[in-house]
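Comments concern the structure below.
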Amino acid sequence: MKSLLLQFFLFITFSSAFPTEQKMDTEENMQLAQVYLNQFYSLEIEGSHLAQSKNKSLLVGKIREMQAFFGLTVTGQLDSNTLEIMKTPRCGVPDVGQYGYTLPGWRKYNLTYRIVNYTPDMARVDVDKAIQNGLEVWSGVTPLTFTKISKGIADIMIAFRTRGFNLFLVAAHEFGHALGLSHSNDQTALMFPNYVSLDPNKYPLSQDDINGIQSIYGSLPTASAKPKESTILHACDPDLTFDAITTFRREVMFFKGRHVWRIYYDITDVEFELISSFWPSLPADIQAAYENPKDKMLVFKDDNFWMIRGYAVLPDFPKPIRTLGFPRSVKKIDAAVCDHSTRKTYFFVGIWCWRYDEVTQTMDKGYPRRVVKYFPGVGLRVDAAFQHKGFFYFFRGSKQFEYDLKAKNITRIMKINTWFRCKEPLNVSSDFSISEEVHSGGVETFYHKNLNLLIFNIVHVLKKIYSYQ
């Protein structure tokens, strides 16, 4: 089956010339607002009559939402300040709502880019320089590097349509989206949706921009601490290892560094997210995790643990692991897994295994025991573990061991990433073409053999929302 390729269209939208008179026809104002709010705030009008009470209520609500985002006085009315914002050149990515789309961040630091075609309105050398400067805005405050290629599939593909706003500012802003940032309501930020507040002669990043991008990729390393590409790996990399694995409700979570892969039992898709996007207070580099019989997840790092219910970390956490019954000599947990049929949780600490009773909330007597004797065939140590359909799955290095709890033996030894349905390595040697047809609506999908990449287009569109004579 062919892989899905996403073509991400970003529209830099300009309103047409508007009359200078203070008064404009109310119906025209409402039409302008409807187009703007539909594109950027997911306004869904039923039918074509704005005067209907339900539609009018929806429109007022979206106007208030837009006013709050831009720091305007929230009235729900189309006053002059609100209309002025709506007429301002801006990015075509929605600010909020169900159509908003940003990446969770790249899984590597060294990215490639390719300029597929050049705009006839600028010299090639000027386009190259503007694109390079737009990328250096972000590489200057993170470990990211960008390398230009002239053939094949790059991580970031750049195409031009028509003439638009200042290319450097537009490119830097849209690259922010491609790197995982959404819009900011800080008017001094590069990621503020409207372009007119930016000065191309000044350093474009605000502290808000820097904080946002560094929350994904970290800060710029020193010369003695250059980032290692191997620290962020693709899920199908044969050398991949995991920090911790656990079930949580109807999904399996694989933790690695600052990220988590989420696999649903009944769905083939794999989601890759930042841990902080779900639980901002949790640390990176989680060392162990498990789901207890009370529908709570426990997460461990060093000698502390956090308890989570849904998307909320419970108050009064973290707590020391000694509150679970560990002696002070235990400084960290390597892995944990709960047998829900017996309500017993196994903790792996080096070559030792502890057993915890979830009912009495005490450690069982006679423990710790050696892992190699209690779980024969698994080996001396365990990196991660979870339970699924009556089996324990133990992970060590790049291998996983399926363990039958009743027979007390290993039934299968598999690669660590079999849960991700990995196929053959991607073939990215072939070229591709981009359709000349531009669509609104944010994300267009089409198919291309052996690809599962993002194509990022800076599409400069001088778009007339409505023509006023």
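Please treat every number below as a calculation from the coordinates, not as lab data. Bear in mind that the values here come from a model prediction, so they are computed numbers and not experimental data. All Cβ positions, even for glycine, are placed from backbone atoms using ideal geometry, and neighbour counts span all protein chains on display.
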Placing each pseudo-label 7 Å from Cα in the direction of the beta carbon, Ile351 and Lys331 end up separated by a distance in nanometres of 1.8
Looking at the stretch 322-379, how many pairs of lysines come closer than 20 Å at the Cα, when each pair is eight or more places apart or spans two chains? 4
Mind sorting Arg107, Arg309 by how few other Cβ atoms lie within 10 Å of their own Cβ, fewest first? Arg309, Arg107
Spin-label model distance (nm) - Lys344 vs Leu405, 7 Å beyond Cα toward Cβ: 1.0
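If each residue's Cβ is checked for other Cβ atoms within 10 Å, how do Met30, Met307 rank with the fewest at the top?
The fewest-first ordering by Cβ neighbours comes to Met30, Met307.
Stretch Thr418-Asp237 to full length: gain in nm at 0.36 nm per residue minus the Cα-Cα span?
64.1 nm
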In nm, spacing of pseudo-spin labels at Asn185 and Lys108 (7 Å Cα→C-beta vector): 3.8
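Would you calculate the convex hull of the Cα atoms in the stretch 312-410 and tell me its volume per residue in Å³?
In the stretch 312-410, the Cα convex hull volume per residue is 128 Å³.
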Listing His177, His388, His183 by rising number of other beta-carbon atoms within 10 angstrom, fewest first, gives His388, His177, His183
Calculated FRET efficiency for the pair Asp302/Gln214, C-beta based, R₀ 22 Å, to 0.05: 0.40
